Amino acid sequence: MAWRSFVAMGDSFTEGMCDEYPDGTFRGWADLVATRLAVDSGPDFGYANLAIRGRLLDQVLTEQLEPTLAMRPDLVSFAAGGNDILRPRADVAGLLRRAERAIEQIRAAGADVVVFRFADVAAHIPGGQRMIAPRAALLNDGIRDIAERHGAHLIDLFADAAFLHRSMWSADRLHLSELGHRRVAGHVLNSLGVGVDEDWMLVPPAPQPTPWRLARSADLKWAREHLAPWVGRHLRGQSSGDFITAKRPVLAPISE
C-alpha cells in the first residue's frame, strides 16, 4: 500500500543524530524512510518527525502522542525507552505498560505502527553487558510481545549481527553512524514491503580484532569525551535535548 502520511516519534535514534546533512542538521533513518515512501505516494505525502534527543519514554508520550494522534497519520514509528534503560533504576515493566497503552491508542486511530527491538548498544560500551544488557533485553522482549498483540511492524535490530560492527556506530558508541541509519531504514522499508536501495543492506566486512592495549586506550578516550559529559549532565538534571525542538513538528511534503 501507499501511505499518505508518516509521523516519527521518539528520541535521538529517530531524530537521526550523528547522520548529518551538509548543513549540520540531522537526517537519520526516518528521513530516509519518508523520502522513499513519498516516491510511491506522490507530492502530497506528509512527513513529521517529533523525535528529540535525550527524551525519556514518559517525555515522548507527554510531548508527542497527542500531536501525533491529532495529525491522524497513516503510519507511525514509535521508538522510546532507550534512554530510560541507561539508568540503573529503570522500571522496565512500567515502561512497557505505558508504551503499550500508547500503541493501542495509535492503532485504534487507524494507523499502522512500526516498533523496534533495539540493536545491542551494550556490546560497544565497557561494562555494558553487565549494567545495561539485562534491562535492554527486558525492553526488547516486551516490545516484541506488544507488536504481536497489536499487529505492529517489528524491526528486530537486535537480531541483526551487522550492528555488532563498529562501523554501524558513531564515535560516542550510543548513536548510529550514517551506515547504521541506512541499514535501519532498509529494515523498515523491507518490513513495509517497499523497495529499498540494496547498498543499504550490504553487510560490512568483519572488523579485525583490536589489540588489548589499543582497545583500552580507545575505551579511556571514549569515557573522557562521551561518558563523562553524559554523567555530568545527568547529575545536573540536564539533557542533551534541553532547548531542542522537533525538526519537523507538523506534517509537510518531504521537499520542505
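I'd like to check one number: the per residue accessible area of the chain, probe 1.4 Å, reported in Å² as a whole number.
49 Å²
Just check segment 1-130 against the gyration tensor rule for me: Cα atoms, a ≥ b ≥ c as the square roots of the eigenvalues, rounded for a/c under 1.5, and otherwise prolate or oblate depending on whether a/b exceeds b/c.
oblate
Is segment 152-203 rounded, prolate or oblate when judged by the Cα gyration tensor, a ≥ b ≥ c being the square roots of its eigenvalues, rounded requiring a/c under 1.5 and prolate requiring a/b larger than b/c?
Prolate.
Using only the alpha carbons of the chain, determine the length spanned along each of the three principal axes and report them from longest to shortest in whole angstroms.
For the chain, the Cα extents along the three principal axes come out at 54, 39, 35 Å.
Identify the chymotrypsin sites (Phe, Trp or Tyr not before Pro) of segment 22-66 meeting these criteria: DSSP loop state and at most 12 other C-beta atoms within 10 Å of the C-beta.
Of the chymotrypsin sites (Phe, Trp or Tyr not before Pro), not one in the loops of segment 22-66 has a Cβ with at most 12 other Cβ atoms within 10 Å.
Take the Cα of residue 159, step 7 Å along the line toward its Cβ, and report every residue of segment 95-121 whose backbone nitrogen sits under 12 Å from that point.
117, by backbone N distance to the label point.
To the nearest Å, what is the center-to-center distance of segment 26-81 and segment 160-179, using C-alpha atoms only?
Using only Cα atoms to place each centre, the spacing works out to 22 Å.
Per the Debye formula with a single identical scatterer at each Cα and no solvent contribution, what log10 I(q)/I(0) holds for segment 44-110 at q = 0.21, 0.24 Å⁻¹?
Relative scattering, expressed as log10 I(q)/I(0), comes to -0.89, -1.10.
Pairing the Cα long axis of helix 29-41 with the longest principal axis of the chain, what angle in degrees results, from 0 to 90 and rounded to the nearest 10?
The two axes meet at around 20 degrees.
So what's the net charge close to residue 124: Lys and Arg +1, Asp and Glu -1, counting the other residues with Cβ under 9 Å from its Cβ?
Taking every Cβ under 9 Å from that of residue 124, the sum is +1.
Restricting to the chain, compute how many DSSP beta bridges are antiparallel as a %, nearest 5.
Just about 20 percent of them are antiparallel.
For segment 2-55, what does the alpha-carbon gyration tensor say about shape, rounded, prolate or oblate, given a ≥ b ≥ c as the root eigenvalues, a/c under 1.5 as rounded, and a/b over b/c as prolate?
Oblate is the answer for segment 2-55, as a/c is 1.5 or above yet b/c matches or exceeds a/b.
Given +1 on the Cβ of Lys and Arg, -1 on the Cβ of Asp and Glu, and no further charges, what dipole in debye does the chain carry about its Cα centre, rounded to the nearest 20?
Roughly 960 debye, rounded to the nearest 20.
The values are calculated or read from the model by the stated rules, or taken from the named source; none is laboratory data. Keep in mind that this is a model prediction, so the values were computed, not measured. Ideal geometry is used to build each Cβ from the backbone, glycine not excepted, and the neighbour counts take in all protein chains shown. The area values use the complete protein model at the heavy-atom level, side chains included, leaving out ligands, DNA and RNA. Shrake-Rupley method; radii C 1.70, N 1.55, O 1.52, S 1.80 Å.
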